[in-house]
Amino acid sequence: MTFETGVFYFFSTILLLSAIAVITIRNPVQAALFLVLSFFTASAIWMLLEAEFLAITLVLVYVGAVMVLFLFVVMMLDINLVRLREGFWRYLPLGGLIALLLVIEMALVLGARNFGLSHFALPGGHGAGYSNTAALGMQLYTTYVYPFEVAAVILLVAIVAAIALTMRRRKGTKYQNPSSQISVQRASRVRLVKMESEKPSVAADVKG
Amino acid sequence: MTFELPNLMPMLPEMALLAMTCFILIFDLFIQDENRSVTFVLAQIAVFVTAGCIVGTSGPSVSLFGDMFTRDAMADVLKLMICLSVEIMFIYSSTYLKLRGLFKGEYFVLTLFAMMGMMILVSAGHFLTLYLGLELMALSFYAMIALDRDNARATEAAMKYFVLGALASGLLLYGMSMLYGVTGSLDIARVALAIDSGQVAIGAPLVFGLVFVVAGLAFKIGAVPFHMWIPDVYEGAPTPIALFIGTAPKFAAFAFFMRLLIGGLHGLVGDWQQMLVVMSVLSIVVGNVTAIAQTNFKRMLAYSTISHMGFVLLGILSGNVAGYSSAMYYMAVYVIMSLGAFGMVLLLSRAGFESDMLDDFKGLNQRSPWYAFMLLLVMFAMAGVPPTVGFYAKFAVLQAALQAGYVWLTVLAVLFSVVGAFYYLRIVKLMYFDEPQQLAPIAPRMDVRLIMSLNGLAMLVLGLMPQSLMSLCTYSIMHSF
């Protein structure tokens, strides 16, 4: 067993255990943290496959942004776990059976018999100067520019949809209008009142 | 590495649509609520310009960016049909939306984005663009169903559609990844080449991927046993959105089937034929039998859709050009019928009244003989009564299945379309022989009146002269595969 294989098994074990923990553990915050752990180990495995850019993006985007947001949601919302678990035992036999069948099928199909090294050549590694990110960028903006643009449109639709579904203009909300704020004249805010200066009162005199 | 930007002229329709949609998105922000009709007109112009670009730039088949964008006769014809059905949907839906406060810029923008997704899907020659087009379309739909935020049923329908749609996308992607793993390419033409040339042994991994892909596809068109979302979405969604989901995307789904199964996996025809046979039989049986029990018109139409999709699958599984073109013809006819049926629900609805129960159609003949006659034509077409177009569509599909040797399947389909005739004719009975419960006058706008009349009469005219549309379908299939 080479060093790399050892590292692979090390990370895969953690990945599998933490993935199982995500769905079995009862506390949602702990489950989210286990998901973070599984993202980290998955990115380590990608690193082993020399996909540095993807590995870094996984950590940055999923761990750094998505999961933090998710933790916030979990903490903010009062999720009734008992209601979520309702019907678990009722659906378990059928769901379990289908899951088992799928696992057996996948084990039969996806093994080394069909996808082993005898069918596919071992991909060669790259030299130390090879930049994964540059290669991805090259592909993304040339060969794959069309799907890249379509993906951009999908994100635009997501923005439009999110705003359309969540923005409410409530009646009577107070908000600032910057344009009227900056176009304000002195006269409309400050009223100068001319008045005679007064003599200090007797009480102030006594104190002084 | 050298990369040369291809001539982008064949993509002009999509680019024009994107540019106009983005313009409408921004322009709409500066429009007051009472002038929203300007957006409405702009959206219609966008559809017309897109259709014009399709006609103007049509030519021989071309592929851009590898095979990611394919423009052939089938793509052009389907895109034009999509444009036409979106335009008709706009006309039918405007009054309904205005009365319910849904006549907003987002509605038009999301519709146009969904239309763009369909066009990308229709033109896709690569797993990546197939999937992206599908997601662009589906994402717009999820949002559109939930657009009426305070309506609990619409939100529930959107949630169901979203969750099940995500599941189906997962199945589809898993299948695609399997096909990629075996053939080593995401390009549909190269996948076909790898399979046909015998470079890849047809074994368990390939069929395993195929099963997942077919399941994902079946979900998208709503064939049994992947049909659960259709009745809930049709019933829960606002009627114009249900009309939209029930019409134009079916063309995209048809193209999806053709590109993936016939274009890419024709080498596995024996394997997917069996799956389609099972789904087709179940769809025709379950759809027609369950529709009888419905009291909601939209829900009934949902089950009727399921049975119609069974007929379309019947055409596809025949595995020859006649079968494919009859399936395409059936899809076109189905969309025209659906437009008519949903359009009638919209036409009869008014403020605070949906007109989506079967009882709401009682005595329609006494209220308006002309619209009752139009709906009668649509219902006859759905049941497949000659001389309406529905008869010819069913006939063409059944003929193709018979030629492919599926005698028992044909007999079964005929038997269950007789069962299906019951609930279509029940509508006719309610309209002509029952006393009306609703007495409000029916006074739609002029354009709705015109389009509804054309839509109803199309059932008759296309039924009497089926050859023109049929030869268009045959031509586009012949020149694309």
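When B:Pro6, B:Pro10 are screened for being touching a strand residue (DSSP E or B) at 6+ places or on another chain (Cβ under 6 Å), in a loop (DSSP other than H, G, I, E, B) and of a type outside the set (Phe, Trp, Tyr), only B:Pro6 passes.
All of (1) closer than 30 Å to B:Gly209 by Cα; (2) touching a helix residue (DSSP H, G or I) at 6+ places or on another chain (Cβ under 9 Å) hold for A:Val74 with one exception: (1).
The residue list B:Val163, B:Val182 contains one member that is surrounded by fewer than 20 Cβ atoms within 10 Å (Cβ to Cβ) and assigned to a helix (DSSP H, G or I), which is B:Val163. Tell me, please, whether a residue that is in contact (Cβ under 8 Å) with a residue 24 or more places away in the chain and part of a helix (DSSP H, G or I) can be found in the stretch A:13-25. Within the stretch A:13-25, one or more residues are in contact (Cβ under 8 Å) with a residue 24 or more places away in the chain and part of a helix (DSSP H, G or I). Against the test of being part of a helix (DSSP H, G or I) and buried (at least 24 other Cβ atoms within 10 Å of the Cβ), the options B:Gly117, B:Gly52 yield a single qualifying residue, B:Gly117. Taking the stretch B:262-276 as the range and being within 15 Å of B:Ala192 (Cβ to Cβ), assigned to a helix (DSSP H, G or I) and not small (Gly, Ala, Ser) as the test, the residues that pass are B:Ile262, B:His266, B:Leu268, B:Val269, B:Asp271, B:Trp272. If the condition is being more than 23 Å from the chain's Cα centre (by Cα) and either away from chain A (no Cβ under 14 Å) or under 23 Å from B:Leu110 (Cβ atoms) (or both), then the stretch B:59-76 contributes B:Gly59, B:Pro60, B:Ser61.
Conditions (1) within 12 Å of chain A (Cβ to nearest Cβ); (2) touching a strand residue (DSSP E or B) at 6+ places or on another chain (Cβ under 7 Å); (3) part of a loop (DSSP other than H, G, I, E, B), marked per residue:
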position: B:Ala189; (1), (2), (3): no, no, no
position: B:Leu193; (1), (2), (3): no, no, no
position: B:Gly198; (1), (2), (3): no, no, yes
position: B:Val207; (1), (2), (3): yes, no, no
position: B:Phe212; (1), (2), (3): yes, no, no
position: B:Leu217; (1), (2), (3): no, no, no
position: B:Lys220; (1), (2), (3): no, no, no
position: B:Ile230; (1), (2), (3): no, no, no
position: B:Glu235; (1), (2), (3): no, yes, no
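Residue-by-condition table, conditions (1) farther than 30 Å from B:Met144 by Cα; (2) surrounded by fewer than 11 Cβ atoms within 10 Å (Cβ to Cβ); (3) away from chain B (no Cβ under 14 Å):
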site	(1), (2), (3)
A:Leu92	yes, no, yes
A:Gly95	yes, no, no
A:Ser118	yes, yes, no
A:Leu140	yes, no, no
A:Tyr144	no, no, no
A:Ser180	yes, yes, yes
A:Pro200	yes, yes, yes
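Could you tell me whether B:Ser123 is of a type outside the set (Phe, Trp, Tyr) and either in contact with a strand residue (DSSP E or B) (Cβ under 8 Å, 6 or more places away or on another chain) or more than 9 Å from chain A (Cβ to nearest Cβ) (or both)? Criteria met by B:Ser123.
Modelled with pLDDT under 95, within 23 Å of B:Tyr329 (Cβ to Cβ) and more than 17 Å from the chain's Cα centre (by Cα): which single residue out of B:Ile262, B:Ile292 fits that description?
B:Ile262 is the lone residue from the list that is modelled with pLDDT under 95, within 23 Å of B:Tyr329 (Cβ to Cβ) and more than 17 Å from the chain's Cα centre (by Cα).
The condition of being without any contact (Cβ under 8 Å) to a residue 40 or more places away in the chain and touching a helix residue (DSSP H, G or I) at 6+ places or on another chain (Cβ under 7 Å) holds for only one of A:Ala44, A:Ala32, A:Ala65, A:Ala51, that being A:Ala44.
Among the criteria (1) surrounded by 22 or more Cβ atoms within 10 Å (Cβ to Cβ); (2) over 16 Å from B:Ile245 (Cα atoms); (3) more than 16 Å from the chain's Cα centre (by Cα); (4) in contact (Cβ under 8 Å) with a residue 60 or more places away in the chain, the one B:Leu102 does not fulfil is (1).
The set of residues in the stretch B:24-56 being within 13 Å of another protein chain (Cβ to nearest Cβ) and aromatic (Phe, Trp, Tyr) is empty. Taking the stated definitions as given, is B:Leu167 over 24 Å from B:Met74 (Cα atoms) and not basic (Lys, Arg)? Spelling it out, B:Leu167 is indeed over 24 Å from B:Met74 (Cα atoms) and not basic (Lys, Arg). Given the structure, is A:Leu60 free of Cβ contacts under 8 Å to residues at least 60 places away in the same chain and either farther than 21 Å from A:Trp46 by Cβ or within 14 Å of chain B (Cβ to nearest Cβ) (or both)? When the stated conditions are applied, A:Leu60 does not pass them. Whether any residue in the stretch A:46-53 is of a type in the set (D, E, K, R), more than 30 Å from A:Ala134 (Cβ to Cβ) and outside any helix (DSSP H, G or I) is what I want to check. Looking for residues that are of a type in the set (D, E, K, R), more than 30 Å from A:Ala134 (Cβ to Cβ) and outside any helix (DSSP H, G or I), one finds none in the stretch A:46-53, hence no. Considering the stretch B:130-151, the residues that are of a type outside the set (Asp, Glu) and in a loop (DSSP other than H, G, I, E, B) include one that is farthest from the other protein chains (Cβ to nearest Cβ), namely B:Asn151. For the stretch A:190-208, the set of residues classified as basic (Lys, Arg) and at pLDDT below 85 consists of A:Lys199, A:Lys207, listed by residue number. Given the structure, is B:Leu243 within 14 Å of chain A (Cβ to nearest Cβ), buried (at least 24 other Cβ atoms within 10 Å of the Cβ), part of a helix (DSSP H, G or I) and not hydroxyl-bearing (Ser, Thr, Tyr)? Against the criterion (within 14 Å of chain A (Cβ to nearest Cβ), buried (at least 24 other Cβ atoms within 10 Å of the Cβ), part of a helix (DSSP H, G or I) and not hydroxyl-bearing (Ser, Thr, Tyr)), B:Leu243 does not qualify. Number of residues in the stretch B:97-114 that are at the interface with chain A (Cβ under 9 Å from one of its Cβ atoms), charged (D, E, K, R) and assigned to a helix (DSSP H, G or I): the value is 1. Among the residues here, B:Phe416 does not qualify as assigned to a helix (DSSP H, G or I), touching a Leu at 6+ places or on another chain (Cβ under 9 Å) and in contact (Cβ under 8 Å) with a residue 40 or more places away in the chain.
Within the stretch B:134-154, the set of residues being out of contact with any Leu (no Cβ under 6 Å at 6 or more places or on another chain) and without any contact (Cβ under 8 Å) to a residue 40 or more places away in the chain comprises B:Glu135, B:Leu136, B:Ala138, B:Leu139, B:Tyr142, B:Arg149, B:Asp150, B:Ala152.
The values are calculated or read from the model by the stated rules, or taken from the named source; none is laboratory data. Predicted, not measured: the structure shown is a model, and the values here were computed from it. Counting neighbours? That spans all protein chains shown, and the Cβs are built from the backbone with ideal geometry, glycine included.
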